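J.: Quick one: structure below, then a few questions.
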Amino acid sequence: MKPLLTLIALTVAAPVAAQQTFAPPQGCAGKLTVQHRNCVMVNVWTCEADAAGDQWMALIGQGGVFSVQRVDDQFQWMESYKVTGNEQLQVPAPDPASLDELFATQLDTWDFTLDTDAGTERHVGFDMLTGETVVIDGETLLATEFQGRTIDGDGNEIYAGSGRQYVSETHRLFLLGEAWEDASPDQVTDSSPVEFIYPGEPGFFSDQPKFECNVIESGFRP
């Protein structure tokens, strides 16, 4: 899926807050924390009031939370609340993202539109399993390749990028990996996962990323 390079870049200059824990909302339960490279971490939780299979994800940089989003059991981006504005999926999508399709055929194309504070954004692209299985911190992940474009309401292409990510069949989640804009393929950002932390383990639902935060400014480009 489309990487969050721009959002991550917006957080790199912010000061680091004091170490705390990140509490899920009332009626919700924390499920997983993933610490990534390039000073990014993700907290995942589920809520009783949501549809079965829905999950919430908070993406956190050294400046704090920069994106909170709800995905369904197919990893469709249902709604997002970001430092750049809020987004909501137009349903039904012409070609919705589908983990079931990806796992069954090794290829999933997608074509969907988000309503954002700045207007509509159409996202078109694909995710493809490479056939490679990777084990990171004891977690078995499937390696993917992706390519995607974002088109604004006037038909202008505002983003085109590619990369390599990971997907977990166990958690039904995509995880960040390597990504680059098609116009500058030599400028690769690697936000691959490093640690998977479960309830009761040290660092679960922390609010601070821990890897490569001292080199973040050289690792991201807006």
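J.: Among Q74, C39, V124, whose Cα sits farthest toward the positive end of the charge dipole of the chain (+1 at Cβ of Lys/Arg, -1 at Cβ of Asp/Glu, about the Cα centre)?
T.: Among Q74, C39, V124, the one farthest towards the positive end of the dipole of the chain is C39.
J.: Something else now. Which GluC sites (Glu not before Pro) does the range 28-94 hold that lie in a coil by DSSP with at most 15 other beta carbons within 10 Å? Don't skip to the end; give the middle numbers.
T.: On the way: sites: E48, E79, E87; in loops: E48.
Passing both the DSSP loop test and the Cβ count: E48.
J.: Oh, and also: Could the peptides 102-113, 194-205 be put in order, highest first, of the mean number of other beta-carbon atoms found within 10 Å of their residues? Walk me through the numbers on the way to the answer.
T.: Values: 102-113: 16.9, 194-205: 13.8.
Peptide ranking by packing, descending: 102-113, 194-205.
J.: Same structure again: Measuring from centroid to centroid over Cα atoms, what is the spacing of the range 129-197 and the range 37-111 in Å?
T.: So the separation of the two Cα centres works out to 13 Å.
J.: Along the principal axes of its C-alpha atoms, what lengths does the chain span, in descending order and rounded to whole Å?
T.: Over the chain, Cα extents along the principal axes are 44, 39, 37 Å.
J.: I would also like to ask the following. Give me the net charge of F103's neighbourhood, meaning all other residues with Cβ under 10 Å from the Cβ of F103; Lys, Arg count +1, Asp, Glu -1. All intermediate terms of the calculation are to be shown ahead of the outcome.
T.: Values: positive: R172; negative: D100, E101, D108, E169.
In short, -3.
J.: Any idea which of L59, L176, S162 is furthest toward the positive side of the dipole for the range 5-219, if Lys and Arg beta-carbons carry +1 and Asp and Glu beta-carbons -1?
T.: L59
J.: Something else about it: Would you mind calculating the relative contact order of the range 133-190 from Cα pairs under 8 angstrom and at least 6 residues apart, reporting the percent as a whole number? Kindly include the intermediate steps, with their values, before the conclusion.
T.: Working: 102 pairs, mean separation 14.4, N = 58.
About 25 percent, as a whole number.
J.: For Cα pairs less than 8 Å apart in space and 6+ apart in sequence, what is the mean separation divided by the residue count of the range 5-219, i.e. the relative contact order in percent? Working shown, then result.
T.: Details: 519 pairs, mean separation 47.3, N = 215.
The value is 22 percent.
J.: Hey, another quick one. Using a ≥ b ≥ c from the Cα gyration tensor of the range 128-222 (square roots of the eigenvalues), is it rounded, prolate or oblate, where a/c under 1.5 gives rounded and otherwise the larger of a/b and b/c decides, a/b for prolate?
T.: prolate
J.: Can you give the net charge of the other residues whose Cβ lies under 9 Å from the Cβ of Q55, counting K and R as +1 and D and E as -1?
T.: Numbers: positive: K31, R70, R172; negative: D50, D54, D72, D73.
Around Q55, the charge tally is -1.
J.: Mind checking the dipole of the chain: about its Cα centre, +1 per Lys or Arg Cβ, -1 per Asp or Glu Cβ, Debye to the nearest 20? Each step should come with its number before you reach the end.
T.: Working: 11 positive and 34 negative charges, 125 e Å.
Dipole magnitude for the chain comes out near 600 debye.
J.: For the range 37-152, what is the relative contact order in percent, using Cα pairs closer than 8 Å and at least 6 residues apart in sequence? Provide the component values of the computation, followed by the final result.
T.: Numbers: 237 pairs, mean separation 16.2, N = 116.
Rounded, it is 14 percent for the range 37-152.
J.: In addition: Averaging over every viewing direction, what projected area does the convex hull of the Cα atoms of the range 78-181 cover, in nm²? Don't skip to the answer; put the middle values down first.
T.: Working: hull surface 28.7 nm².
Projected area, direction-averaged: 7.2 nm².
J.: Next question. Spin-label point model (7 Å from Cα, Cβ direction): what's the Q187 to N156 distance in nm?
T.: So the label points at Q187 and N156 sit 1.9 nm apart.
Each value in this text was obtained by applying a stated rule to the coordinates, not by laboratory testing. The shown structure was predicted, so the numbers you read here are calculated from the model rather than taken from an experiment. A quick note on method: Cβ atoms are made from the backbone with ideal geometry, for glycine too, and the neighbour counts reach across all protein chains shown.
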